[in-house]
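Below is one structure, written out as structure tokens, with a few remarks after it.
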Amino acid sequence: MFEISRRDLVLGSTGAALVFGLKGPVSFIGAAQAQKAADSLKYKVGDIEVFSLHEGSIERAVIEGMVKNASLDEVKKALTAAGIGPDKIDNPFTVTAIRTGGKVVLFDTGFGGNGPATVGKLADNMKAAGLDPATVSTVVISHFHPDHVSGLWVKETSEQVFPNAEILMPEVEFKFATDPALVEKVPEANRPFIKRIQATFPTWKNVKQYNDGADIAPGVKAIATPGHTVGHMSFLVASGGQQLYIQSDVTGIHQLFVRNPGWFSGFDADGPKAEATRRAFFDRVIAEKGMIAGYHFGFPNVGTLSKDGNGYAFAAVKA
């Protein structure tokens with residue numbers, strides 16, 4: 001059964017412009033019985049331990065362009081209906097980790113020490129959840145946006161944070177981002193980030209590339225979900241008849257893009273492809289009675305999806 005233990009449940013609170021099925025009951029505990037020492041949540045999918053680890057958040061002004069194909073007024077109305085905004089919102093970041101086969105696997109890294117003061121909380125929250133960052137055996141990158149890969153570097157250097165871990169990167173994304181011609185194609189403000197990727201990732205000996213359908217770890221498969229970026233990946237964690245879909249950035253905050261899957265985020269590289277991907281992905285999650293975890297869903301970032309008219313609704317787990 002998919003469950004969160006009394007001993008292990010930890011609750012907490014819920015960005016910057018970037019470059020680019022459960023078949024059994026769900027059991028949670030009351031907030032009065034929870035520890036509130038850190039922003040982390042531990043639960044199980046079959047025999048696999050799963051951790052939601054809050055990385056922090058960045059306040060964003062709600063402006064034109066946040067949604068490419070909806071007016072600012074429509075966006076603010078949607079936020080107001082969801083009980084947030086409407087003039088500014090917190091963009092939250094939550095990293096998922098698992099322990100399977102005795103190994104710790106981390107899905108994306110957050111900003112690490114390379115972001116503002118309101119982020120970079122992953123390492124502390126890992127330790128509070130009983131995970132030693134030094135024991136991470138595999139880091140799986142979903143795509144190459146700064147809020148997902150910047151935690152690979154020690155602050156203001158190119159030294160690796162996880163030098164002893166295997167780092168898995170999507171092959172399509174890797175080839176796109178390491179093309180020397182890309183530097184001149186992106187806005188000037190984004191070029192230092194691309195140059196850092198090109199100067200580091202191809203030279204790191206512990207980097208391996210993976211593709212759609214790859215077995216990432218025991219019980220974990222990669223799922224190609226392009227549109228947000230050219231090589232964007234999501235993941236299926238399955239054990240004991242239970243399924244958890246780690247959707248990475250198939251959508252941003254659920255109040256906008258789960259509810260309105262036809263809206264194109266300002267961060268989506270290919271809006272129409274992103275929409276087609278999210279509809280197909282969400283339909284699969286619902287059909288297979290899986291849980292879903294979203295990087296920008298707030299905290300806790302895991303719950304269920306349901307159809308809601310022409311869109312979908314996300315219901316976070318209740319504690």
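Values in this text are rule-based calculations from the coordinates and carry no lab data. Note that the structure is a prediction, hence the values are computed from the model and not measured. Using ideal geometry, Cβ is built from the backbone for each residue, glycine included, and neighbour counts are taken over all protein chains shown.
Tally the residues that are within 22 Å of residue 48 (Cα to Cα) and hydrophobic (A, V, I, L, M, F, W, C), restricting the search to the range 298-314. Walk me through how you get there before you give the answer.
So in the range 298-314, the residues within 22 Å of residue 48 (Cα to Cα) come out as 299-305.
This time we only want the ones that are hydrophobic (A, V, I, L, M, F, W, C), so: 299, 302, 305.
Looking only at that region, the number is 3.
Do you know which of the residues in the range 115-139 that are part of a loop (DSSP other than H, G, I, E, B) and in contact with a Leu (Cβ under 9 Å, 6 or more places away or on another chain) is farthest from residue 206 (Cα to Cα)?
Pass one, the range 115-139, residues part of a loop (DSSP other than H, G, I, E, B): 115-118, 120-121, 129-132.
From what is left, the residues that are in contact with a Leu (Cβ under 9 Å, 6 or more places away or on another chain) are 121, 129, 131.
Numbers: 121: 24, 129: 26, 131: 21 Å.
The residue in question is 129.
Starting from the range 86-102, take each residue that is farther than 10 Å from residue 61 by Cα and list its partners that are of a type in the set (Ser, Thr, Tyr) and surrounded by fewer than 19 Cβ atoms within 10 Å (Cβ to Cβ), counting only C-beta distances under 6 angstrom and pairs at least six apart or across chains.
92/14
Could you list all residues from the range 70-97 that are in contact with a Phe, Trp or Tyr (Cβ under 7 Å, 6 or more places away or on another chain) and in a strand (DSSP E or B)? If you could, list the steps in order and put the result at the bottom.
If we filter the range 70-97 for residues that are in contact with a Phe, Trp or Tyr (Cβ under 7 Å, 6 or more places away or on another chain), which is where we start, we get 70, 92-97.
Correct list: 92, 93, 94, 95, 96, 97.
Quick one: in the range 81-108, which of the residues that are in contact with a Leu (Cβ under 8 Å, 6 or more places away or on another chain) and hydroxyl-bearing (Ser, Thr, Tyr) is surrounded by the most Cβ atoms within 10 Å (Cβ to Cβ)?
94
What number goes with the only condition from (1) assigned to a loop (DSSP other than H, G, I, E, B); (2) out of contact with any Pro (no Cβ under 9 Å at 6 or more places or on another chain) that residue 142 does not pass?
(2)
Looking at the range 239-255, is at least one residue within 19 Å of residue 106 (Cβ to Cβ), surrounded by 15 or more Cβ atoms within 10 Å (Cβ to Cβ) and of a type in the set (Asp, Glu)?
Among the residues of the range 239-255, at least one is within 19 Å of residue 106 (Cβ to Cβ), surrounded by 15 or more Cβ atoms within 10 Å (Cβ to Cβ) and of a type in the set (Asp, Glu), which makes the answer yes.
Looking at the range 123-149, which of the residues that are of a type in the set (Ser, Thr, Tyr) and under 28 Å from residue 267 (Cα atoms) is surrounded by the most Cβ atoms within 10 Å (Cβ to Cβ)? Break it down stepwise before answering.
So the first thing to find is which residues in the range 123-149 are of a type in the set (Ser, Thr, Tyr), and the list is 135, 137-138, 142.
Those still in the list that are under 28 Å from residue 267 (Cα atoms) too: 138, 142.
Details: 138: 21, 142: 28.
Top of the filtered list is 142.
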